[in-house]
Amino acid sequence: QAQLVESGGGLVQPGGSLRLSCRASGSIFKINTMAWYRQAPGKERELVAKISRGSGTKYAESVKGRFTITRDNVKNIVYLQMNSLKSEDTAVYYCNAASTMEYWGKGTLVTVSS
């Protein structure tokens, strides 16, 4: 069964760093774009960053210069390195992968608080 499993969330102080990972497993072949979205309490889900199979990237303006998305096409893993975290980065972060279908992970909570 195809699935995306995120890891790496947790509690971090403002200014700190976290690295999220998402592994695609099961019947997911030839993944094109992989991405991270987030949803804060009371807000809509928004795109954080996405990366093509050829490693072209796009970031939300709010995270440019602080977050970096990378991927391992062999292992089907996408990473999100988050630096200089702010309280407004607090959200559930979801992994997304697009091949012939679109897949979502269940999410991992990131809390930025002192």
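For the chain, the relative contact order is 37 percent, taking Cα pairs closer than 8 Å that sit 6 or more residues apart in sequence and dividing their mean separation by the residue count. The HN-Hα couplings worked out from phi for the stretch 106-114 by the Karplus form 6.51 cos²θ - 1.76 cosθ + 1.60 (θ = phi - 60°) are 8, x, 9, 7, 10, 10, 10, 7, 8 Hz, whole numbers, x standing for Gly and Pro.
Backbone geometry of the stretch 57-62 corresponds, through the Karplus equation with coefficients 6.51, -1.76 and 1.60 at θ = phi - 60°, to 3J(HN,Hα) couplings of 10, 9, 10, 5, 4, 5 Hz, x marking Gly and Pro. Each part reduced to its alpha carbon centroid, the stretch 73-91 and the stretch 13-43 end up 6 Å apart. The 3J(HN,Hα) values that the Karplus relation (6.51, -1.76, 1.60; θ = phi - 60°) gives for the stretch 20-37 are, in residue order, 8, 10, 9, 10, 8, 9, x, 7, 10, 10, 6, 5, 8, 7, 10, 8, 10, 10 Hz. Gly and Pro appear as x. In the elastic network of the chain, a GNM with C-alpha springs shorter than 10 Å, the most mobile of Gly65, Gly42, Gly26 is Gly42.
Over the stretch 1-47, all Cα pairs binned in 10 Å intervals from 0 give whole-percent P(r) values of 19, 43, 31, 8, listed from short to long.
Since every read-out is calculated from the coordinates, none of them should be taken as a lab result. Values in this document were obtained by computation on a predicted structure and should not be read as measured data.
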